1. Go over the candidates Leu309, Leu304 one by one and state the one that is outside any loop (DSSP other than H, G, I, E, B), touching a strand residue (DSSP E or B) at 6+ places or on another chain (Cβ under 7 Å) and within 30 Å of Asp194 (Cα to Cα).
2. Need pairs with beta-carbon distance below 8 Å; first residue more than 18 Å from Thr51 (Cβ to Cβ) and within region 350-368, second acidic (Asp, Glu) and part of a loop (DSSP other than H, G, I, E, B); sequence gap 6+ or separate chains.
3. Can you confirm whether Pro92 is in contact with a Ser or Thr (Cβ under 8 Å, 6 or more places away or on another chain), open to solvent by less than 20 Å² (accessible area, probe 1.4 Å) and at pLDDT 95 or above?
4. Residue by residue through region 62-73, note down the ones that are open to solvent by 20 Å² or more (accessible area, probe 1.4 Å) and without any contact (Cβ under 8 Å) to a residue 40 or more places away in the chain.
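The values are calculated or read from the model by the stated rules, or taken from the named source; none is laboratory data. Predicted model, so just to flag it, every value in this text is computed and none were measured. Cβ: placed from backbone, ideal geometry, glycine included. Neighbour counts: every protein chain shown. Each accessible area value is taken on the protein alone, full model and side chains, heavy atoms only, with ligands, DNA and RNA left out. Shrake-Rupley method; radii C 1.70, N 1.55, O 1.52, S 1.80 Å.
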Amino acid sequence: MPAPLRRLPTALLLGGLAVGGQALAAETLPEIVIERIATDHHDLRLERLATGLEHPWAVAQLPDGSFLVSERPGRLAHISENGDIRHLEGVPEVNARGQGGLLDVVLHPEYGSEGGEQDWIYFTWSQAGSGGTATALSRARLGDGALAEVEELFVEDRFSGPGRHYGSRLAWLPDGTLLMSIGDRGSHPERSQDQGDHAGSVLRLTETGEAPEDNPFVDDADALDELYSIGNRNIQGMVVNAAGQVWATEHGPRGGDELNLIEAGENYGWPEVSLGRDYATGRPIGADSLPGMRDPVHVFDGTLAPSGLAEVASEHFPEWQGSLLAGGLRSQLLKRLVLEGNEVAESEVILDGEIGRIRDVRQGRDGALYLLDDDERGSLFRLMPAQ
């Protein structure tokens, strides 16, 4: 029989310095948070690698084993393997009000290749401008304690308020183009159905921020060339799996959180189609399904509040190959979704509140699984087999 799950006191789990009223000295990192978590197929160990991060949003592992972690107030942390944190200079001035700030961060798929020509770091952020804010994409190189050669590649076509629903996940397609999600920005959900507006969509861009010539709407004079899909309320989890499929987790209102298979030129319905409810009235929003609009592959029970999505393709987790790991903010869940074809055959809860609000989930270059919690004193965690 597997050993039972061992839970540490909440204050210690969340990086606090008090347990039972006693002050604790800071532990040497990494620290074991939970020695053994029993799941259906693998017993896991949860470790904390770094702490003291302010609302961390995304993590990317560098070839040398260190990490880049974006913090929503506008800092980019470079974290060594032993947990030392160094904040990099040169980050653009972000607008960190509401849900805005420094958001996703990914590496160019050829980062670390010989010559270093593609050693680019891509990141999204909320940029202030006339009329409010917009989701922006930039790239830079990693210098000595600072970002170098910072380039602004793309800015959403409209600056607007309020400061929420930026979307902002990034994922590389096998052809070297970059997908970028943008939420509906919160105040006018109908923007998601307007093909002349970037809000409520997934974009497909070249590595330098232009619209590829074979994007699905380039021949439509009424549509923006960068659009790849429309009708997306607020995607905060997105991954391209080993088969080249694009999977995304998307926030619904008061329930109706979705897992979608994103395909070129498709309309995912928001707000004309939704299984969520109006925040004020509690009434259903839109229809359950409509012709010409794609239904979700899976609707999560209750409210997951999804953020962070990864495919498991690591030899460390042989029984999880091809599964998706979806993080949840309000739910504080990490869920494993088992795919059979293009359907979710079963799901399993891996974490339930152990680290709080889960903001990001990534598989690292080393095959380990990495998570961030959304907290004023957030942490970088690692999941590995218990042995």
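1. Leu309
2. Every condition considered, the pairs that remain are Gly367/Glu315.
3. no
4. Matches in region 62-73: Asp64, Arg72, Pro73.
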